[in-house]
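Colleague: If you scroll down you'll find the structure; I have some questions about it.
Read-outs throughout are calculated quantities, based only on the coordinates presented, and are distinct from any laboratory measurement. Quick caveat, the model's predicted, so the values are computed rather than measured. Don't worry about glycine lacking a Cβ; one is built from the backbone with ideal geometry, like all the others, and counts go over all protein chains shown.
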Amino acid sequence: MTDAMFSPAYLRDPHPALRALREDGPVHRVVLPNKLPAWVVVDHEAAKAVLADERVAKDYHRLGEIMSAKLEAAGGDPRLSALYRGNMLVMDPPDHTRLRKLLAKDFTSRRVEQLRPRVERLTADLLDAMPAHDEVDLVEHFAFPLPMTVICELLGVPEGGHARMRTWSQHLMGEAKPGDALTASEEITAYLTALIAEKRANPGDDLLSALTRASDDGDRLTEAELVGTCLLLVVAGHETTVGLIGSAAEWLVRDERTRARLVGDPALIPRAVDELLRLTSPVSLTTPRFTEAPVRVGGTTIPEGEVVLVSLPAANRDPARFDAPDTFDADRANSHLAFGHGVHFCIGAPLARLEGEIALRHLLARFPRYARAVPADDLRPRRSLTVTGWRSLPVVLDPAR
Ligand code: HEM
């Protein structure tokens with residue numbers, strides 16, 4: 001049954017396979033396509049328990065050893081990309097706490113809120129630049145450039161670097177040939193190291209300059225941690241939000257009633273964004289964790305030294321937690337796990353919500369009747385196991401009546 005979890009059909013729509021898996025129990029042993037044996041948690045309660053359990057850890061030194069050994073034993077490639085070192089997503093407290101606090105000091109809700117006018121402008125400009133009556137790819141020209149430009153501007157990455165960030169990031173997410181992730185790791189690390197040196201020489205009012213000051217101020221952030229933080233922000237700051245905007249736009253093509261409701265009452269859009277996060281889960285598997293001791297969860301004991309992942313789409317449609325889990329309901333009390341749970345809960349959630357809300361509000365106000373330009377079966381999903389969404393979404397924004 002777990003084979004079905006990573007089939008091409010799963011990439012298009014993971015829910016039939018996940019439903020079957022969940023009906024069979026909350027915790028399963030799987031082998032990932034890169035040959036890594038792991039345990040996957042598929043129900044909401046067990047997912048929350050695992051994500052909050054201190055014995056299910058992340059420290060990248062130990063995680064790297066465990067994953068590389070398992071990959072080697074299974075005949076896979078044991079080398080891990082730069083995403084597996086020097087950033088808070090692969091650290092445990094107290095190092096995690098130190099890095100997260102430093103970032104939170106500069107990446108405040110005030111800084112995010114200050115971005116609002118710029119995000120509104122950028123969104124309007126992107127929609128202006130697209131042809132209204134001809135076919136256009138909503139991922140390529142809208143869902144992707146919006147978050148990519150926002151995160152690059154926030155960090156202070158010059159415009160010339162944006163396109164390269166995209167390629168490196170896609171390679172790091174495992175969407176290219178195996179081995180490309182390692183080349184991308186080296187290239188993006190070199191690029192960010194040079195950029196940091198430049199910010200030291202000529203600081204601006206961007207986040208990277210602020211973080212550089214934090215690293216110079218009393219040895220609280222090493223150079224490797226600074227580069228790691230930056231790399232994490234670039235990748236996490238756009239890949240996921242591209243998925244959200246593309247999947248939300250596609251959902252509203254199929255769900256005419258919801259679209260009409262949102263067009264008629266835009267004040268509902270912020271709540272709708274959270275419901276669409278629940279339904280589309282842009283992150284499909286959390287980053288890997290490992291058990292520091294045997295951990296009993298969902299009636300299963302996972303032995304020590306095992307890799308554990310949580311399927312967020314499965315948890316987010318668990319019927320034990322959500323009534324009519326496959327149906328849009330903006331009024332439900334939403335306790336989705338799309339941004340994770342516990343100490344690694346997404347630090348970018350306010351920015352992601354802001355971008356999702358503005359993108360949908362402008363799209364629906366300007367082009368309330370946008371239509372898919374190809375049959376649903378012709379849409380191509382992303383080939384990543386970590387992030388979901390469409391590689392392209394051909395639409396006609398303003399179809400003739
Ligand atoms: C962590 C989802 C947008 C930065 C996470 C995690 C999830 C997630 C599930 C936890 C992963 C785990 O525990 O293994 C999302 C979704 C987004 C989004 C669905 C958009 C719809 C963003 C944005 C940024 C960002 C816009 C930055 C600007 C981060 C960072 C972490 C993180 C730095 C690591 C936090 C930590 O380890 O303490 N995100 N994210 N994310 N996210 Fe996001």
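Colleague: Do any chymotrypsin sites (Phe, Trp or Tyr not before Pro) in the range 273-367 lie in a DSSP loop with no more than 13 other beta carbon atoms within 10 Å, and if so, which? Show your work: numbers first, answer last.
Modeller: Values: sites: 290, 322, 328, 339, 345; in loops: 322, 328, 339, 345.
Listed in order of number, the matching sites are 345.
Colleague: If r is the Cβ-Cβ distance from residue 333 to residue 104 and R0 is 22 Å, what FRET efficiency results, to the nearest 0.05?
Modeller: Details: r = 27 Å, r/R0 = 1.22.
About 0.25, to the nearest 0.05.
Colleague: Name the long-range amide H neighbours of residue 305: under 5 Å, sequence gap of 5 or more, or other chain; modelled H, no Pro or chain starts.
Modeller: 291, 292, 293
Colleague: For the charge dipole of the range 2-393, defined by +1 on Lys and Arg C-beta atoms and -1 on Asp and Glu C-beta atoms about the Cα centroid, which residue among 291, 210, 46 has the Cα displaced farthest towards the positive pole?
Modeller: 46
Colleague: A further question on this structure: With the cut-off at 1.5 for a/c, could you classify the range 245-352 from its C-alpha gyration tensor as rounded, prolate or oblate? List each step's numbers first, then the result.
Modeller: Details: a/c = 2.82, a/b = 2.17, b/c = 1.30.
Prolate, because a/c is 1.5 or more and a/b exceeds b/c.
Colleague: Right, something else. So what is the relative contact order for the range 2-393, in percent, with contacts set as C-alpha pairs under 8 Å and at least six apart? Provide the component values of the computation, followed by the final result.
Modeller: Values: 553 pairs, mean separation 96.5, N = 392.
So the answer I get is 25 percent.
Colleague: Report, in deg cm²/dmol and to the nearest 500, the calculated mean residue ellipticity at 222 nm for the chain, where each DSSP H run with n ≥ 4 adds -39500 (n - 2.57) and the sum is divided by the residue count.
Modeller: Taking each H run of at least 4 residues, the total per residue is -15500 deg cm²/dmol.
Colleague: May I pose another question? Quick check: residue separation of residue 378 and residue 213 times 0.36 nm, minus the Cα distance between them. What number comes out in nm?
Modeller: Numbers: separation 165, 0.36 × 165 = 59.40 nm, distance 4.87 nm.
Length difference between fully extended and current span is 54.5 nm.
Colleague: Another question about this same structure. Using the charge dipole of the range 282-373 (Lys, Arg: +1 at Cβ; Asp, Glu: -1 at Cβ; taken about the Cα centre), state which of 344, 367, 354 has its Cα farthest towards the positive end.
Modeller: 367
Colleague: Report ³J(HN,Hα) in whole Hz for each residue of the range 308-325, in order, from the Karplus equation J = 6.51 cos²θ - 1.76 cosθ + 1.60 where θ = phi - 60°; Gly and Pro get x.
Modeller: Here the 3J(HN,Hα) series is 10, 10, 10, 7, 6, x, 5, 4, 6, 10, 6, x, 6, 10, 10, 5, 6, x Hz.
Colleague: Nearest 20 debye, what's the magnitude of the dipole of the range 2-393 about its Cα centre given +1 on Lys and Arg Cβ and -1 on Asp and Glu Cβ? Show your work: numbers first, answer last.
Modeller: On the way: 48 positive and 56 negative charges, 70 e Å.
Computed about the Cα centre, the dipole is about 340 debye.
Colleague: So for each of 190-200, 309-319 I average, over its residues, the number of other beta carbons within 10 Å; can you give me the resulting order with the highest mean first? All intermediate terms of the calculation are to be shown ahead of the outcome.
Modeller: Numbers: 190-200: 16.3, 309-319: 24.2.
Descending packing order for the listed peptides: 309-319, 190-200.
Colleague: What residues qualify as long-range amide H neighbours of residue 387, i.e. H under 5 Å apart, gap of 5 or more or another chain, H built at 1.01 Å from N?
Modeller: 284
Colleague: The range 335-383 to the range 89-157: how many Å between their Cα centroids?
Modeller: Measuring centre to centre over Cα atoms gives 13 Å.
Colleague: Can you list the residues, at least 5 places off or on another chain, whose amide H is less than 5 Å from the amide H of residue 380, using H built in the peptide plane?
Modeller: Counting only residues 5 or more places away or on other chains, the set is 391, 392.
Colleague: Quick check on the range 1-156: take the gyration tensor over C-alpha atoms, sort the square-rooted eigenvalues as a ≥ b ≥ c, and tell me if it's rounded (a/c under 1.5), prolate or oblate. Walk me through the intermediate numbers first.
Modeller: Numbers: a/c = 2.05, a/b = 1.34, b/c = 1.53.
Cα axes put the range 1-156 in the oblate bin.
Colleague: Cβ neighbours within 10 Å, averaged per peptide: list 62-70, 38-46 in order, most packed at the top. Let's see the in-between values first.
Modeller: Values: 62-70: 17.1, 38-46: 23.1.
Ranked from most to least packed, the peptides come out as 38-46, 62-70.
Colleague: Mean Kyte-Doolittle of at least -1.0 plus a Cα span of 27 Å or more along the axis: flag which DSSP H helices in the chain meet both, please.
Modeller: Numbers: long enough: 180-201 (32 Å, 0.21); 223-254 (47 Å, 0.97).
Within the chain the helices that satisfy the rule are 180-201, 223-254.
Colleague: Using the beta-carbon distance between residue 113 and residue 346 and R0 = 25 Å, what value does 1/(1 + (r/R0)^6) give for FRET efficiency, to the nearest 0.05? The partial results should precede the final answer.
Modeller: Details: r = 17 Å, r/R0 = 0.68.
Computed FRET efficiency for residue 113 and residue 346 comes out at 0.90.
Colleague: For a test of the definition: using alpha carbon positions, the gyration tensor, and the 1.5 limit on a/c, classify the chain as rounded, prolate or oblate.
Modeller: Numbers: a/c = 1.61, a/b = 1.10, b/c = 1.46.
In terms of gyration-tensor shape, oblate.
Colleague: Return the lysines within reach of residue 48: Cα separation strictly under 25 angstrom, same-chain partners fewer than 8 residues apart disregarded; answer none if there are no such residues.
Modeller: By straight Cα distance, residue 48 reaches 58, 101.
Colleague: Another one. Let me spell out the model: positive unit charges on the Cβ of Lys and Arg, negative unit charges on the Cβ of Asp and Glu, origin at the Cα centre of the range 339-387. What dipole size does that give, in debye rounded to 20?
Modeller: Details: 8 positive and 4 negative charges, 27 e Å.
Result for the range 339-387 is approximately 140 debye, rounded to the nearest 20.
Colleague: Of the GluC sites (Glu not before Pro) in the range 200-304, which ones lie in a loop per DSSP and count no more than 16 other C-beta atoms within 10 Å? Write out the running numbers ahead of the final one.
Modeller: Working: sites: 223, 225, 239, 250, 256, 275, 292, 304; in loops: 292, 304.
Here the sparse-neighbourhood loop sites are 292, 304.
Colleague: Starting from the Cα of residue 140, step 7 Å toward the Cβ, then list every residue of the range 338-374 with an amide N under 12 Å from that point.
Modeller: In the range 338-374, the label zone of residue 140 (backbone N under 12 Å from the point 7 Å along Cα→Cβ) covers no residue.
Colleague: For labels at residue 62 and residue 194 in the simple 7 Å Cα→Cβ model, what's the distance in nm?
Modeller: Roughly 3.8 nm, to one decimal.
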